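Heads up, the thing below is written out as structure tokens.
The values are calculated or read from the model by the stated rules, or taken from the named source; none is laboratory data. The structure displayed is predicted, hence computed values, not measured ones. No Cβ is skipped: glycine too gets one built from the backbone with ideal geometry, and neighbour counts run over all protein chains shown. The accessibility values were calculated without ligands, DNA or RNA, using every heavy atom of the protein model including side chains. Shrake-Rupley method; radii C 1.70, N 1.55, O 1.52, S 1.80 Å.
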Amino acid sequence: MKTRRGRFLVLEGLDGAGTTTQASRLCSWLAARGRKAHLTAEPSKGPVGTGIRQILSGRLLGTGGAPFDPRALALLFAADRLDHWESEIRPNLEAGVDVVSDRYVLSSLAYQGVTTGDAPWVTAINGRAPAPDLTLFLRVRPAVALRRRYAATAEREIFEVPEFQRRVHRAYGRALGGIVEAGERVVEVAGEQPVDRVAADVARAVEKVLA
Ligand SMILES: Nc1ncnc2c1ncn2[C@@H]1O[C@H](COP(=O)(O)OP(=O)(O)OP(=O)(O)O)[C@@H](O)[C@H]1O
Ligand SMILES: [Mg+2]
């Protein structure tokens, strides 16, 4: 008997929007419903993703200590995504396991769209990454997202600049419009609510793609 393909569900939002919290909650919710669920994140744990994490934390720099080239980083994100898809996402979906990813293509459209200043190119280099069954965008104001991040950790990543976060927020808005236009399924969730309320809204949206 052929197992039915699992669902591919993606959590998106600004740094501090709660994607990690909600991705984990969603996995637990799926498991509680008797489904097999696999939690993953981008950058992935694969070789390219590991390199990206080192670049984001500032441990890995460009030649001569210069900041890493944003276009090269955008290509690494796109490469990591295909590797992530082939090595982890697709095999799970084919085995009937739901995959919940903390970030995917939309993150690149927003973040790399801003850092490269060339959103159409970022869209193009991610053109081979299969669309999720559902993208959940956690809408949180940049100031709220930033406050949460600063309260949570002392670690500072290169993306944590207030003006940068505002630009990414606007880029997310444009990118959301683009993927909706392309026929992808996206649901926006009010991310400033308490964790349980956000989780309930996420579950309600996911229920529709499980039917
Ligand atoms: N709905 C919420 N209300 C209040 N605080 C929240 C909510 N969701 C998450 N938090 C808190 O905000 C912080 C960031 O949450 P989380 O790590 O889930 O966000 P993220 O979007 O994954 O951010 P990051 O950019 O750090 O990966 C954590 O301390 C978390 O406990
Ligand atoms: Mg996170």
Legend entry - Rounded to whole Hz, the Karplus (6.51, -1.76, 1.60) HN-Hα couplings of segment 117-123, x for glycine and proline: x, 9, 4, x, 5, 5, 4
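With +1 on each Lys and Arg Cβ and -1 on each Asp and Glu Cβ, and nothing else charged, work out how big the dipole of segment 8-210 is about its Cα centre, in Debye to the nearest 20. Working shown, then result.
Values: 26 positive and 24 negative charges, 80 e Å.
Computed about the Cα centre, the dipole is about 380 debye.
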Inset, instruction - Hey, can you grab everything whose amide H is under 5 Å from the amide H of residue 13? Only 5+ residues off in sequence or another chain; H modelled, so Pro and N-termini drop out. - result: 138
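Summarise the accessible area of segment 8-210 (1.4 Å probe, protein heavy atoms) by the percent that is carbon and sulfur.
Values: 5290 of 9700 Å².
So the carbon and sulfur contribution to the accessible surface is 55 percent.
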Inset, instruction - Please tell me the relative contact order of the chain in percent, rounded to the nearest whole number, where contacts are Cα pairs under 8 Å and at least six residues apart. - result: 33 percent
Legend entry - Residue-by-residue Karplus 3J(HN,Hα) for segment 91-108, coefficients 6.51, -1.76, 1.60, Hz, glycine and proline x: x, 5, 4, 5, 7, x, 9, 6, 10, 10, 10, 7, 5, 7, 4, 4, 4, 5
Inset, instruction - Name the long-range amide H neighbours of residue 8: under 5 Å, sequence gap of 5 or more, or other chain; modelled H, no Pro or chain starts. - result: 99, 133, 134
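Can you give the FRET efficiency to the nearest 0.05 for residue 56 and residue 211, using r as the Cβ-Cβ distance and R₀ = 45 Å? Provide the component values of the computation, followed by the final result.
Numbers: r = 38 Å, r/R0 = 0.83.
It comes out at approximately 0.75.
Could you provide, to the nearest whole Å², the per residue accessible area of segment 8-210 with probe 1.4 Å?
Numbers: 9700 Å² over 203 residues.
Accessible surface, normalised per residue, equals 48 Å².
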Inset, instruction - In whole Hz, with x marking every Gly and Pro, tabulate ³J(HN,Hα) for segment 37-46 from phi via Karplus 6.51 cos²θ - 1.76 cosθ + 1.60, θ = phi - 60°. - result: 9, 10, 9, 9, 8, 10, x, 6, 8, x
Legend entry - Difference of contour (0.36 nm per residue) and Cα-Cα distance, residue 87 to residue 69: 3.8 nm
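In deg cm²/dmol, rounded to 500, what helix-only [θ] at 222 nm does the chain give when every DSSP H run of at least 4 residues adds -39500 (n - 2.57) and the total is split over its residues?
Numbers: 9 runs with 102 residues, N = 211.
Estimated from H runs of four or more residues: -15000 deg cm²/dmol.
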Legend entry - Rough spin-label spacing in nm, given labels placed 7 Å along Cα→Cβ, for residue 187 and residue 33: 0.8 nm
Inset, instruction - Take segment 8-210, drop everything but the C-alpha atoms, weight them equally and run the Debye formula without solvent; then report log10 I(q)/I(0) at 0.13, 0.14 Å⁻¹ to two decimals. - result: -0.69, -0.81
